[in-house]
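Remarks on the structure that follows.
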Amino acid sequence: AEIARAAQWAGKVDADDNPDIAAWMEFVTTKQGVSEELYIHDSVWPSVALKKLVHEKVKVTDTDLEKGYDANYGPRVICRAIVLTNLRRAQEVWEMAHGKPTVENFSRLAEEYSVEAGTRSTGGEVPPIQKHGGQPLLEKDAFALKAGEVSGIIQVQDRYVILFCEGHTKPQNIEFHEVRDLLYREIHEKKLRISMADELQRQEEMAQVDNYLAGESKSPSRGNRQPRPPS
């Protein structure tokens, strides 16, 4: 079942959209250069074991489904962006953008001042901003803009972002009930993977690891390395 899941998510399916396990195993063994036995031992078995440990903890709520629907099929904001690393410079650029809120002026400012190569070379063009994409403050400010408006200075980690709104896209003409099962599978898989990674980290932190080659021992309580007497 785990191999079939891997084949499905890798796009190795037959004409009926069922997992093509033979094609997937051929890809793994030939393209990745590992034996079937090694793939099962080093990849499949650990994945199955982690899933057994966490599968009951993973729940997909109605809120998760609603956010997934909005993110994938809802409206998006068409923006240009200027990214800076210095707040004082960001304030100067914002004043120039706000004083003349046109696409041409904002594009010129992005080419001159943006620290990101992508936005600098494209005149600030970025992919349309969706809801629930992982940057809530940026998304909130973007969706509050109307066409022709310049945002405030938005701090995203150690960067300062200025947006220029060119408009909003229309939601896709897809009803929630049509994609609910698809959304459920995708969200469940993502949450499962996150839970598996957390469990693996927890197991590693709890483990007593004795590295005889390096002469070190890792304590499960604090995770610190201590010299280990040779034996």
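In straight Cα distance, which aspartates and glutamates are under 20 Å from Lys140, not counting same-chain residues fewer than 8 positions off?
Output for Lys140: Asp64, Glu66, Asp70, Glu125, Glu149, Asp158, Glu166.
Take the chain, connect every pair of alpha-carbon atoms lying under 10 Å apart with a spring to form a Gaussian network, then pick out the residue of Val179, Val93, Val13 with the largest mean-square fluctuation.
Evaluated over the chain, the most mobile residue of the options is Val13.
For Glu92 and Lys67, what is the calculated FRET efficiency with R₀ set at 41 Å and r taken between the beta-carbons, to the nearest 0.05? Working shown, then result.
Numbers: r = 37 Å, r/R0 = 0.89.
Efficiency computed from Cβ-Cβ geometry: 0.65.
When the chain is fully extended, how far beyond the present Cα-Cα distance does Leu213 get from Thr30, taking 0.36 nm per residue of separation?
That works out to 62.6 nm of additional length.
GNM, the chain, Cα, under 10 Å: largest mean-square fluctuation among Ser107, Ser195, Ser35?
Result for the chain, Cα springs under 10 Å: Ser35 fluctuates most.
If the cut-off is a Cα-Cα distance under 22 Å, which lysines reach Lys191, setting aside same-chain residues fewer than 8 apart in sequence?
Cα-Cα hits under 22 Å: Lys51, Lys52, Lys57, Lys59, Lys67, Lys131.
Taking only the Cα atoms of the chain, how large is their convex hull per residue, in Å³?
Once divided by residue count, the hull of the chain is 223 Å³.
Could you calculate the FRET efficiency of Asn18 with Glu104 from 1/(1 + (r/R0)^6), where r is the beta carbon distance between them and R0 is 45 Å, rounded to 0.05?
The computed FRET efficiency comes out at 0.30.
Between Ile153 and Lys170, 0.36 nm times their residue separation minus their Cα-Cα distance comes to what?
Details: separation 17, 0.36 × 17 = 6.12 nm, distance 2.62 nm.
Length difference between fully extended and current span is 3.5 nm.
Compute the distance in nm between two label points, each set 7 Å from the Cα along the Cα-to-Cβ direction, one at Arg185 and one at Asp198.
So the two model labels end up 2.5 nm from each other.
For the pair Trp45/Ala1, report the inter-label distance in nm, with labels modelled 7 Å from Cα in the Cβ direction.
Placing both labels 7 Å beyond Cα along the Cβ direction yields 1.9 nm.
Taking the simple approach of a point 7 Å from Cα along Cα-to-Cβ for both Arg120 and Met206, what is their distance in nm?
The two pseudo-label positions are separated by 4.9 nm.
Over the chain, what relative contact order in percent results from Cα pairs under 8 Å that are six or more residues apart?
It comes to 19 percent, rounded to a whole number.
Only four residue types carry charge here, +1 at the Cβ of Lys and Arg and -1 at the Cβ of Asp and Glu. Report the dipole size of the chain about the Cα centre in Debye, rounded to the nearest 20.
Numbers: 30 positive and 37 negative charges, 169 e Å.
The dipole of the chain has a size of about 820 debye.
Read-outs throughout are calculated quantities, based only on the coordinates presented, and are distinct from any laboratory measurement. Note that this is a predicted model, so its numbers are computed, not measured. FYI the Cβ positions are ideal-geometry reconstructions off the backbone, even for glycines, and counts take in every protein chain you see.
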